[in-house]
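Can you keep this structure in mind? I'll have questions shortly.
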Amino acid sequence: MRDAATLDVPLVELVDRLLNRGVVLTGELTISVAGVDLVYLGLSVVLSSVETIRGAGAEI
Amino acid sequence: MTLLLRAIVATEDARVAAELGLTAVPATGVAALASAWETAGAAAEADLLDHHRVIQAIFGRVPCLPARFGSVFADADALGVRLALREKDLATQLARLGHRCELAITCAWRDSGRVAPATSVPASTGRAYLERGVARARTQKERQQRADEIVARLLGELAVDPAFIRHRTCPRPAVAVSMSALVTRDEIDELSSRLERLGAQLPDVTTVVQGPWAPYTFAVSE
């Protein structure tokens, strides 16, 4: 079974490329993406949560 | 009709637009492939991932330069004007990159929560605050050093022309190394096998190889 890191980090890597790499033709309008901050944040929260749960479990 | 730019292809390859339901805006040597864009307001995550699917569909058929997500033009004429300004540069990039693939290699820390965020629970005393800061800085330095070691291992294993490699160390708390390698399709299987073997020798990170993708990282904006 894959852990949270292997499930989520690759998606962030792809999103990072889609938003920050690739050809840009100067002068065009750029649309924003609703919730992209939440995509990044959400994945970070998931990772942090998993680690928090693991840490708590280890202490019990 | 508002258009969302998807990719740049050679003019003679613009025929793929029809089979993919795209609009082709040709210049002399290159053409822009775009989709009708009618969404009001901001795009959604699904639109972002759909952009990747469209680019991969194009890249699976012909060499292309992927466009960064979000480039919208009022109509085909507006796109054509901008394309003409960059045509020579884009044709050069396409010839150099278009037939190559990007492999994304990510090494994620197995214990991604070890570095405490800077804005955690306030320290009860000034001494505790300073000790926490020192411990965090020490951990981050150790991680940076380890990430540099991992990069050296990856570069040695890949043995790819340095001009075809881009990497960042510790770009996010969970990630030790984010690397992009520009490779030919016939190199993919062997490189993936070598990276898988190397990944098994790196106990502190999970190594994930993704691709082949269109060469996002190597398509230069200006």
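The values are calculated or read from the model by the stated rules, or taken from the named source; none is laboratory data. Computed from a predicted model, the values in this text were never measured in an experiment. Glycine also receives a Cβ, built like all others from the backbone with ideal geometry; neighbour counts cover every protein chain displayed. Each accessible area value is taken on the protein alone, full model and side chains, heavy atoms only, with ligands, DNA and RNA left out. Shrake-Rupley method; radii C 1.70, N 1.55, O 1.52, S 1.80 Å.
Could you state the principal axis extents of the C-alpha atoms in segment B:1-155, from the largest down, to the nearest angstrom?
That works out to 66, 41, 27 Å along the principal axes.
Give me the one-decimal nm value for the distance between modelled label points at B:E12 and B:T28, 7 Å along each residue's Cα-to-Cβ direction.
Between B:E12 and B:T28, the label points sit 1.7 nm apart.
Under the 0.36 nm per residue contour assumption, what length would be gained going from the current alpha-carbon distance of B:S192 and B:A159 to full extension?
10.6 nm
Quick one: which residues, 5 or more positions from B:R110 or on another chain, have an amide H under 5 Å from its amide H? H modelled 1.01 Å from N in the peptide plane, none for Pro or chain starts.
B:V205, B:T206
Please list, in chain and number order, the residues 5+ apart from B:A7 or on another chain whose amide H is under 5 Å from its amide H, with Hs placed from the backbone.
Sorted by chain and number, the residues that satisfy this are B:L33, B:A67.
Provide, for q = 0.14, 0.16, 0.21, 0.23 Å⁻¹, the log10 of I(q)/I(0) from a solvent-free Debye sum over equal Cα point scatterers in segment B:119-222.
For segment B:119-222, the Cα-only Debye profile gives -0.66, -0.78, -1.14, -1.31.
Between B:D204 and B:E142, 0.36 nm times their residue separation minus their Cα-Cα distance comes to what?
21.1 nm
Divide, for segment B:1-88, the radius of gyration over alpha carbons by 2.2 N^0.38 Å, where N is the residue count.
In units of the globular-protein estimate, segment B:1-88 measures up at 1.00.
Quick one: Cα centre-to-centre distance for segment B:16-63 and segment B:119-185, in angstrom?
After rounding, the separation between the Cα centres reads 35 Å.
Turning to a different aspect of this structure: Taking θ = phi - 60°, what integer Hz values does the Karplus form 6.51 cos²θ - 1.76 cosθ + 1.60 yield along segment B:46-56, in sequence order, with x for Gly and Pro?
Using θ = phi - 60°, the values come out as 4, 5, 5, 6, 5, 4, 5, 5, 5, 4, 5 Hz.
Determine the gain in length on full extension of the stretch B:E131-B:A74; use 0.36 nm per residue of separation and subtract their C-alpha separation, reporting nm with one decimal.
On the way: separation 57, 0.36 × 57 = 20.52 nm, distance 5.59 nm.
Result for the pair: 14.9 nm of gain on full extension.
I've got another one for you. What base-10 log of the normalised intensity I(q)/I(0) is obtained for segment B:3-52 from the Debye formula, alpha carbons as equal point scatterers, at q = 0.21, 0.24 Å⁻¹?
-0.73, -0.87
For segment B:116-222, with the dipole built from +1 on Lys and Arg beta-carbon atoms and -1 on Asp and Glu ones, taken about the Cα centre, which of B:Y129, B:H167, B:T184 lies farthest toward the positive end?
So the residue furthest toward the plus end is B:Y129.
Using only atoms on other chains, find how many Cβ atoms lie within 10 Å of each Cβ of peptide B:155-163 and report the average.
Average per residue, whole number: 0.
Can you tell me the mean projection area, over all orientations, of the convex hull of segment B:172-222's alpha carbons? Units nm², please.
Mean shadow area of the hull around the Cα atoms is 4.5 nm².
Could you give the Stokes-Einstein D for segment B:64-190 in µm² per second, using the C-alpha Kirkwood radius, 37 °C, 0.692 mPa s?
Details: Rh = 18.5 Å.
Rounded, D is 177 µm²/s.
Sorted by packing (mean other beta-carbon atoms within 10 Å per residue), highest first, where do B:51-60, B:15-24, B:205-214, B:128-137 land?
Put in order of decreasing packing, that is B:205-214, B:51-60, B:15-24, B:128-137.
Also, quick follow-up: Counting protein heavy atoms only and a 1.4 angstrom probe, how many square angstrom of accessible surface do chains A and B bury in total, to the nearest 100?
It comes to approximately 3600 Å² buried between A and B.
Once amide H atoms are built 1.01 Å from N in the peptide plane, which residues 5 or more positions from B:T2, or in another chain, come under 5 Å H to H?
Sorted by chain and number, the residues that satisfy this are B:W37.
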